[in-house]
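Below is one structure, written out as structure tokens; comments come after it.
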Amino acid sequence: MRRNTATIPRAIFAAGAFWLLAGCKLIDQTTFGAKPVTPAPDFVAEALKPGSRLPLITIGFGGTPVNYDAQLKSVLELAQTRRPDAKYHVVTVVPASGDPDKDSRAIEKGRYDVRRLEDAMTNDGIPGDDISTSARTEKGVTAREIRIYVE
């Protein structure tokens, strides 16, 4: 009787591999102490909460002019989907200079941008009655901004 010598080394290898791997564990992210990253908070949801003082969107006018129409439209669509009864407060914010005349002139410069923004919002389906506007100065602001809040 002749034995197949090729099967003996395979059997020894399989038995050895079994014992070597028996003490191993699956390596995944938890092996090295990594924890899943918590997703960033949903800022739109936070801005849509009643009484929130977080702006839905802020448009800065301190640098190169930016075409914000597409971003504005997508944010408004998302807001309308989540809160169809939303009212919007558009606020022009200018750097506080301490000089009322200078602050007033800076606010006046923003009137055109506020009108353009209101037009863009109505073109995006927001009724004009759902939009209110105001202006204020704020310390720490370095350039004129327009912020849209949800009421």
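No lab work stands behind these numbers, since they all come straight from the coordinates. This is a predicted model, so every value here is computed, not measured. Every residue, glycine among them, receives a Cβ derived from its backbone with ideal geometry; neighbour counts consider all protein chains shown.
Give the residues of the range 93-126 that are part of a helix (DSSP H, G or I) and in contact (Cβ under 8 Å) with a residue 24 or more places away in the chain, sorted by residue number.
The first filter runs over the range 93-126 and keeps only residues part of a helix (DSSP H, G or I), leaving 100-109, 111-123.
Hits for the range 93-126 are Asp103, Ala106, Ile107, Lys109, Asp113, Val114, Leu117, Glu118, Ala120, Met121.
If I go through the range 142-151 residue by residue, how many of them are farther than 24 Å from Ala70 by Cβ and not acidic (Asp, Glu)? Let's see the steps before the verdict.
Of all residues in the range 142-151, those farther than 24 Å from Ala70 by Cβ come to 142, 151.
From what is left, the residues that are not acidic (Asp, Glu) are 142.
Residues that pass the stated criteria total 1.
Working only within the range 70-106, note down all residues that are more than 17 Å from Ala120 (Cα to Cα) and polar (S, T, N, Q).
Answer for the range 70-106, where residues must be more than 17 Å from Ala120 (Cα to Cα) and polar (S, T, N, Q): Thr81, Ser97, Ser104.
Only one residue in Val75, Val44, Val90, Val66 is in a loop (DSSP other than H, G, I, E, B) and either β-branched (Val, Ile, Thr) or under 20 Å from Gly110 (Cβ atoms) (or both). Which one? Walk me through it before giving the result.
Details: Val75 fails: in a loop (DSSP other than H, G, I, E, B); Val44 fails: in a loop (DSSP other than H, G, I, E, B); Val90 fails: in a loop (DSSP other than H, G, I, E, B).
The conditions single out Val66.
Mind listing just one residue for me: the one in the range 92-141 that is polar (S, T, N, Q) and either crowded, with 18+ Cβ neighbours inside 10 Å or closer than 16 Å to Pro65 by Cα (or both) and, of those, nearest to the chain's Cα centre (by Cα)?
We begin by selecting, within the range 92-141, every residue polar (S, T, N, Q); these are 92, 97, 104, 122-123, 132-134, 137.
Narrowing the set further to residues that are either crowded, with 18+ Cβ neighbours inside 10 Å or closer than 16 Å to Pro65 by Cα (or both) leaves 92, 137.
Details: Thr92: 21, Thr137: 25 Å.
Ranking the candidates gives Thr92 first.
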